[in-house]
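The values are calculated or read from the model by the stated rules, or taken from the named source; none is laboratory data. Predicted model only: the values in this text are computed from it and were never measured. Glycine also receives a Cβ, built like all others from the backbone with ideal geometry; neighbour counts cover every protein chain displayed. To get the accessible areas, we keep the full protein, side chains included, count just its heavy atoms, and leave off ligands, DNA and RNA. Shrake-Rupley method; radii C 1.70, N 1.55, O 1.52, S 1.80 Å.
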Amino acid sequence: AAVRQKYGENLSDEQVARVMVATSARTPSRAMYRVNASRALFGGRRLKPVFPETVVSSSSIAKVSPVQDEVMEQRAVCTFYLPVVRYALLESAAEVCIPVRREGDLSLSGRVYFTTVPGTARPGSDYEHVEGWLLFAPREEEKQVAVTIVNDDAFEIDESFYFRLADARVEGSAVAEIRPGGEQATITIIDDDDPGVISFGTDVGEDAITITQHAEESTARVRVQRKNGSCGEVRLRYHTEGDTALPGRDFEACEGQLVFADKQTEAVIEVAIKSAPRYDARNRFRIILTGVEGGARFDPARDGGKERSILTVFVEADAEMKARVDRTHSILRKTWERSRLGHANWSAQFREAIMVNGGAGDDGDACPPTWHDYIAHAITLPWKLVFAIVPPTDFCGGWLCFGCSLLAIGVVTMIINDMAALLGCVMCLPDEITAITFVAMGTSLPDTFASISAAKAEPYADSSVGNVTGSNSVNVFLGLGLPWMIAAFA
């Protein structure tokens, strides 16, 4: 969300991942170049860091603005629809007036065909069937159709029938259409001779609803219905009950009284869903209705029976957010795996030490080893096996690896010092000449190859020049200055 706020709301998931890589990736260090150059020289496993040019910089991604669709010339359209698609009225009502509207090009006259369709309510005994063409004059936007309701003294359950728009026509060259979702209305006739039956607004046998838990707090609106009558005022109490979803963490606990006024058939309970985004979870809690007053009763066929009504609310993680996290994680994992420096475990160090180029050519991730790699590997294999004993950074927070590495470097330095002294003795060279020639060349050679790798990999020569000057500065000021300082105090 923060990336989209900064760089544009219309960024794709791949672009978001690339921005995250660009903003979090570090420029390859001098140590990485030096290690890579040393391994390339002695047949070791090449590192595959992600260099800056392979990562799209966040500054190169301009804020994405919505592309405006080109306005194309189209024929005029006149759309007919029903503004209200659900009605509930008492049986004692004389009739129901259903408005029919149109929008778009109103300059021409038009007409729409309507008809009533039976459901559980039957024409003749519950309502009077009507059908025909409804005519609209030019500039006329709305007309109404009256449907007569038949009232009787018999007790009946709630019944429904439908009012449907079937065909539309407009004079001239305009196109007539009926809006999808606005072509049919449901009319429910409620018997008004009984206080009614209380239940949640779900289908019979489905005493549960599912709510998606988003990254921000939301409100769940749970419908409670009164069916088979609506006579008189009805009161009942409600409260929430936690299960795997906990109050305060997943939702706000609530309780109170719900009141149905005379002739009222529906009420709403609002429950606050907390902002607790989860990657993959499905928890539940319950809403319970009890203590109904006013002559109404609970539906015995629903969960809770005659004494109460229970609704189970499932709170699940946002599927779209989970899919987005999976895609982003996949992209980032592929990028970071290629730039990871280190070993997964101790055994991997010995396996890479034994194999040419660390076995990089076996999995198709690098070029196969050359004859130079085989020769260098054969010469340096004993040293690779010795230094594979140094434990990886997985132990003791990396301090064990740090200490063992310093010890190994000290041993190698001591061996080089003795070998250089012996070589100088054999060649009749003073120790000073040996130090500034053979020893200096040995310490600067890896830095030379590291500078070459940096110059080839990066678009600018900053790392290459900095590597050369930094290496020489350390050799002169630290390599020579520190021993002279110690000798001066000694």
Exercise for review: Determine whether the stretch 197-216 contains at least one residue that is closer than 25 Å to T120 by Cα, modelled with pLDDT under 85, surrounded by fewer than 14 Cβ atoms within 10 Å (Cβ to Cβ) and of a type in the set (A, V, I, L, M, F, W, C).
Suggested key: yes
Residue count, the stretch 86-101, condition in contact (Cβ under 8 Å) with a residue 60 or more places away in the chain, surrounded by 13 or more Cβ atoms within 10 Å (Cβ to Cβ) and either closer than 17 Å to L135 by Cβ or among the basic types (K, R) (or both), comes to 2
Being of a type in the set (D, E, K, R), within 30 Å of A348 (Cα to Cα) and within 48 Å of the chain's Cα centre (by Cα) narrows D462, D447 down to just D447
Can you say whether I354 is closer than 29 Å to V468 by Cα and either at pLDDT below 80 or open to solvent by 70 Å² or more (accessible area, probe 1.4 Å) (or both), as far as the supplied structure shows? no
Exception for D394 within (1) surrounded by 11 or more Cβ atoms within 10 Å (Cβ to Cβ); (2) outside any loop (DSSP other than H, G, I, E, B); (3) under 47 Å from the mean Cα position of the chain (by Cα) falls at (2)
Considering residues that are open to solvent by 40 Å² or more (accessible area, probe 1.4 Å) and either hydroxyl-bearing (S, T, Y) or modelled with pLDDT under 90 (or both), the number found within the stretch 271-289 is 8
Flagged pairs (Cβ under 7 angstrom, 6 or more apart or on separate chains; first in the stretch 316-333, under 17 Å from H214 (Cβ atoms); second part of a helix (DSSP H, G or I)) are R324/D13
Residues of the stretch 222-240 being crowded, with 18+ Cβ neighbours inside 10 Å and touching a Cys at 6+ places or on another chain (Cβ under 9 Å), in sequence order, are Y238, T240
Those residues of the stretch 462-484 which are farther than 30 Å from G424 by Cα and in contact with a helix residue (DSSP H, G or I) (Cβ under 6 Å, 6 or more places away or on another chain) amount to S463, S464
For the stretch 108-130, pairs from a residue that is over 16 Å from C97 (Cα atoms) to a residue that is acidic (D, E) and assigned to a loop (DSSP other than H, G, I, E, B), with Cβ under 7 Å and 6 or more apart or across chains, are L108/E171; S109/E171; G110/E171
Subset of the stretch 282-330, residues touching a Lys or Arg at 6+ places or on another chain (Cβ under 8 Å) and on the phi > 0 side of the Ramachandran plot, comes to G291, G294
The number of residues in the stretch 397-423 that are open to solvent by less than 50 Å² (accessible area, probe 1.4 Å) and in contact with a Pro (Cβ under 7 Å, 6 or more places away or on another chain) is 2
